[in-house]
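**Q** I have a structure I would like to understand better, so I am pasting it below and will then ask my questions one at a time.
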Amino acid sequence: KGYSGKDMWIAVLDGGFSNLDIMPFFDDLRKNERLIFHRDFVDGDEFVFESSSHGSQVLSTMAANLPGLMVGTAPEATYICLKTEDTRGEYLIEECNWVAGLEYADSLGVDVVNSSLGYTVFSDEEMNYNYKNLDGKTGIATCAATIAAQKGMIIVNSAGNEGEGNWKYIDVPADAVDILTVGAITSTLKRAKFSSIGPSFDGRIKPEIVALGQGVSAASIYGAKVNRVQGTSFSSPLINW
């Protein structure tokens, strides 16, 4: 349809962006200085090209621009990569990092925030959420996302991958009010079995929208190769253009 993301600023909150600074899929992004203001809220520095390939793959679905091999949904947008997730464990402090990343994105005036992160169960079980907490006003990140959305920010968050597990439901901050929560479907337009379900505890429809989440093309962090991946993590960025 001709959408390219031109003149849009998109912030990506994730657990790391390994090799993003050298991947050929992002040569155009670096050459034209559209990869800016990256920040690590876990280690307190500005180096985010570490810790996890997840963020690099998520970003590639939007920002990749290697004609003949892979072009993302918004290759001409400007991107801000924010590392808020500590891949060494799962603690509430990561939600605080998420909030800090959201505030930083707001301070830059970004148009869209994409988050493929979610919280339900923590390394310390006393921190765990339960379904009753998915009311749009309990989770730390949920509260922040709701406030940001009500101030006019467009926040896109994956629904979660608990559809086949004991939890089944969406996670925090996917239950936030007025954000866009994205679930996953297969190429046959059926819900991917792993995709978390709603509604929120207070009865709101969640997720509000779905996108392909199984067999999604994503850039390899090792050379000019494309992999097939799955997860609502990749459904979320696909709708950003």
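The values are calculated or read from the model by the stated rules, or taken from the named source; none is laboratory data. Keep in mind that this is a model prediction, so the values were computed, not measured. So basically every Cβ, Gly included, is an ideal-geometry build from the backbone, and we count neighbours across all protein chains shown. These area figures cover heavy atoms from the full protein model, side chains too; ligands, DNA and RNA do not enter into them. Shrake-Rupley method; radii C 1.70, N 1.55, O 1.52, S 1.80 Å.
**Q** Scanning the stretch 216-225 for residues that are within 14 Å of Ala63 (Cβ to Cβ) and in contact with a strand residue (DSSP E or B) (Cβ under 7 Å, 6 or more places away or on another chain), which turns out surrounded by the most Cβ atoms within 10 Å (Cβ to Cβ)?
**A** Ala219
**Q** When only residues in the stretch 39-90 that are in a strand (DSSP E or B) and either of a type in the set (A, V, I, L, M) or at pLDDT below 95 (or both) count, which is farthest from Phe26 (Cα to Cα)?
**A** Leu82
**Q** Six or more apart or on different chains, Cβ under 6 Å: which pairs go from a residue in the stretch 219-234 that's under 28 Å from Lys190 (Cα atoms) to one that's at pLDDT 95 or above and in a helix (DSSP H, G or I)? Could you list them?
**A** Short answer, once both residue conditions are applied: Ala219/Phe25; Ala219/Ser60; Ser233/Val58; Phe234/Thr61.
**Q** With the requirement that a residue be over 16 Å from the mean Cα position of the chain (by Cα) and touching a residue at least 60 places away in the same chain (Cβ under 8 Å), what does the stretch 129-167 give you?
**A** Tyr131, Lys132, Asn133, Leu134, Asp135, Gly136 - these are the residues of the stretch 129-167 that are over 16 Å from the mean Cα position of the chain (by Cα) and touching a residue at least 60 places away in the same chain (Cβ under 8 Å).
**Q** Quickly run through the stretch 103-127 and pick out the residues that are out of contact with any Gly (no Cβ under 6 Å at 6 or more places or on another chain), buried (at least 23 other Cβ atoms within 10 Å of the Cβ) and of a type in the set (Gly, Ala, Ser).
**A** Answer for the stretch 103-127, where residues must be out of contact with any Gly (no Cβ under 6 Å at 6 or more places or on another chain), buried (at least 23 other Cβ atoms within 10 Å of the Cβ) and of a type in the set (Gly, Ala, Ser): Ala105, Ser115, Ser116.
**Q** Out of Glu76, Glu50, Glu90, Glu46, report the one residue that is farther than 19 Å from Thr142 by Cα, among the charged types (D, E, K, R) and under 18 Å from the mean Cα position of the chain (by Cα).
**A** The match here is Glu50.
**Q** Considering only residues of the stretch 168-197 that are more than 16 Å from the chain's Cα centre (by Cα) and within 15 Å of Tyr129 (Cα to Cα), which is surrounded by the fewest Cβ atoms within 10 Å (Cβ to Cβ)?
**A** Residue satisfying both the conditions and the ranking: Lys168.
**Q** (1) surrounded by fewer than 24 Cβ atoms within 10 Å (Cβ to Cβ); (2) at pLDDT 95 or above; (3) small (Gly, Ala, Ser): which one isn't true of Gly152, the others all being true?
**A** Of (1) surrounded by fewer than 24 Cβ atoms within 10 Å (Cβ to Cβ); (2) at pLDDT 95 or above; (3) small (Gly, Ala, Ser), only one is false for Gly152: (2).
**Q** Across the stretch 18-39, what is the number of residues that are in contact with a Phe, Trp or Tyr (Cβ under 6 Å, 6 or more places away or on another chain) and either open to solvent by less than 40 Å² (accessible area, probe 1.4 Å) or of a type in the set (Gly, Ala, Ser) (or both)?
**A** Adding up the residues that qualify gives 2.
**Q** Only one residue in Asn161, Asn130 is crowded, with 18+ Cβ neighbours inside 10 Å and under 21 Å from Thr232 (Cα atoms). Which one?
**A** After applying the criteria, what remains is Asn161.
**Q** Being in a loop (DSSP other than H, G, I, E, B), in contact with a Leu (Cβ under 9 Å, 6 or more places away or on another chain) and closer than 17 Å to Asp171 by Cβ is the filter here, so list the residues in the stretch 200-223 that pass it.
**A** Result: Ser200, Phe201, Asp202, Lys206, Pro207, Glu208, Gly213.
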